[in-house]
Amino acid sequence: MPSKGPVLWRALTLGEVVLFGLAYMTPLIVLGIFGIVSETTGGATAAAYALALAAMLFTAFSYGKMAAIHPIAGSAYTYVRRTIDARAGFLVGWAVLLDYFFLPMVIWLIGAAYLSAQFPEVASWVWIVLFIIVTTVLNAMGIKIAARVNLLLMTVQIAVLFFFVLLSIGYVAGSSGPAALFDLAPFDNRATTVSGVAAGAAIAAYAFLGFDAVTTLAEETVEPERTIPRAIMLTALAGGVIFIVVAYFAQLVHPGGLFEDSSSAAFEIAGLIGSSLFGAVFLTGLVVAQFASGLAAQAGTSRLLYAMGRDGVLPRRVFAYLHPRSRTPVFGLVITGAAGLIALWLDMAISTSFINFGAFTTFTFVNFSVVAHYVRERRAGRTPGVVPYVLVPAIGAGVNLWLLSRLDAHAVTLGLIWLGLGVIYLAYVTRMFRRPPPEVEFVEEAPVTAGAAHDPRMLG
């Protein structure tokens, strides 16, 4: 059924999409969880991130394949729905909501915690509400405006990381000599064990969550069949390289995995390598990073809700609505922001548990989708390659199932409860499974591209 009314505006280039993905991943998160990963691996943090990168690239490859075949908003929800089954697609979309809904909450919660530590006289809820209001307004103004703000914020974040690495190099070279900069201890030392690095990689994988989010921007990207797959791989690779480099030098500054407080290890290292001025700059960078990540996460969540609303799985009048001027899913943005207020009553442990369960479940099914596509193509008489469509996704699915098994019982229980609620809602929508979930065949009648950028009606 052809779309009626506004359609999403194709305006994003490869670089802008990659920046959105990196903002979603939040490169500075490597320092936020550095102490925990270092403690788990016995001081082999760089090895944990290298292993996590290798594992995530298999899934990133599968996302790229699916994004090229289905270059529309909806991400994993759309891929599973169109290659495996509409009901399975709904439940995967439901699981994705754990990741997409709770990640902005965690982002805003962390940002508020940083600011509350610096300004204890201001209540934490004030910072959370301010984060939500500002990011919602910027996203509602249009994807191009959000991209420009995101570029500025990412520049600040990368600059902080650059100076952190530079000061770390100066500290290590000054205290132990230039030769100490080429030490393999961050990858392998006396305390390193295979099980420790594997456990650290399961934690480090959290930092990679977001490379998949760029698929939600497919209908707002120029030449998405070509751009989105490249953006997925580039986002995962760029993020992985940043994580490994920063973790390596931070580990050289502080060998081993013992800290006074592992949750604030980055502040301890920042104080060691720089002055109080750099400590203030470092705090500013962390807050900016959380803001940029929240901006990208909210944009991605609203696009997923838009796709599910357009298919009629969620109320179409609300979730499939696009503002006629800015062409943004404003109701989805507002609902995502309102859901972020739940952060006022949750802690980091519960929110992160939801995210990990939803993410690893979703990644597994995206890999299954590539294999399902292979089976369909074979039945149709076509012969796609076995390696890219069977072997690579099979490895990716296995890795994610392993990561899922590494979650604690609390995370699995919460995730299963959420999926149970999804089954109940699906039973309601399908009249106790007597009919398939609603689906709309969407066709863009008049896609709006970056060439329309000079039209003032498109600029929000």
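The values are calculated or read from the model by the stated rules, or taken from the named source; none is laboratory data. The shown structure was predicted, so the numbers you read here are calculated from the model rather than taken from an experiment. Methodologically, a virtual Cβ is constructed for each residue, glycine included, from the backbone with ideal geometry; neighbour enumeration extends over all protein chains shown. Just so you know, the surface numbers come from the protein's heavy atoms only, side chains and all, with ligands and any DNA or RNA stripped out. Shrake-Rupley method; radii C 1.70, N 1.55, O 1.52, S 1.80 Å.
Points to keep in mind about this one:
- Segment 360-388 - residue that is touching a residue at least 60 places away in the same chain (Cβ under 8 Å) and open to solvent by 40 Å² or more (accessible area, probe 1.4 Å) and, of those, farthest from the chain's Cα centre (by Cα): ARG376
- Annotation note: of THR216, THR221, THR235, the sole residue that is touching a Ser or Thr at 6+ places or on another chain (Cβ under 6 Å) and at pLDDT 80 or above is THR221.
Matching residues to (1) touching a Pro at 6+ places or on another chain (Cβ under 7 Å); (2) open to solvent by less than 30 Å² (accessible area, probe 1.4 Å); (3) in contact (Cβ under 8 Å) with a residue 24 or more places away in the chain:
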{"position": "PHE34", "(1), (2), (3)": "no, yes, yes"}
{"position": "ALA50", "(1), (2), (3)": "no, no, yes"}
{"position": "ARG87", "(1), (2), (3)": "yes, no, yes"}
{"position": "TRP94", "(1), (2), (3)": "no, no, yes"}
{"position": "PRO104", "(1), (2), (3)": "no, yes, yes"}
{"position": "ALA123", "(1), (2), (3)": "no, no, no"}
{"position": "VAL129", "(1), (2), (3)": "no, no, yes"}
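- Checked against (1) crowded, with 16+ Cβ neighbours inside 10 Å; (2) in contact with a Gly (Cβ under 9 Å, 6 or more places away or on another chain); (3) β-branched (Val, Ile, Thr); (4) over 30 Å from ALA44 (Cβ atoms), VAL160 passes all but condition (4).
- Only one entry in ILE424, ILE395 is closer than 30 Å to ARG316 by Cβ and either open to solvent by 60 Å² or more (accessible area, probe 1.4 Å) or in contact with a helix residue (DSSP H, G or I) (Cβ under 6 Å, 6 or more places away or on another chain) (or both), namely ILE424.
- Taken over segment 71-106, residues that are farther than 19 Å from VAL392 by Cα and not in a helix (DSSP H, G or I) amount to 5.
- Checking each residue in segment 241-260 for being of a type outside the set (A, V, I, L, M, F, W, C) and modelled with pLDDT of 95 or more picks out only TYR248.
- Yes/no for LEU167 being at pLDDT below 80, more than 28 Å from LEU344 (Cβ to Cβ), surrounded by 15 or more Cβ atoms within 10 Å (Cβ to Cβ) and not basic (Lys, Arg): no
- The residue that is farthest from ALA270 (Cα to Cα), counting only those in segment 198-225 that are open to solvent by 20 Å² or more (accessible area, probe 1.4 Å) and touching a residue at least 24 places away in the same chain (Cβ under 8 Å), is GLU225.
- LEU403 vs. criteria part of a helix (DSSP H, G or I) and surrounded by 15 or more Cβ atoms within 10 Å (Cβ to Cβ): yes
- Condition check for GLY300: open to solvent by less than 20 Å² (accessible area, probe 1.4 Å), closer than 26 Å to GLN157 by Cα and at pLDDT below 75: yes
- Qualifying position, being among the polar types (S, T, N, Q) and in contact (Cβ under 8 Å) with a residue 60 or more places away in the chain, among SER293, SER275: SER293
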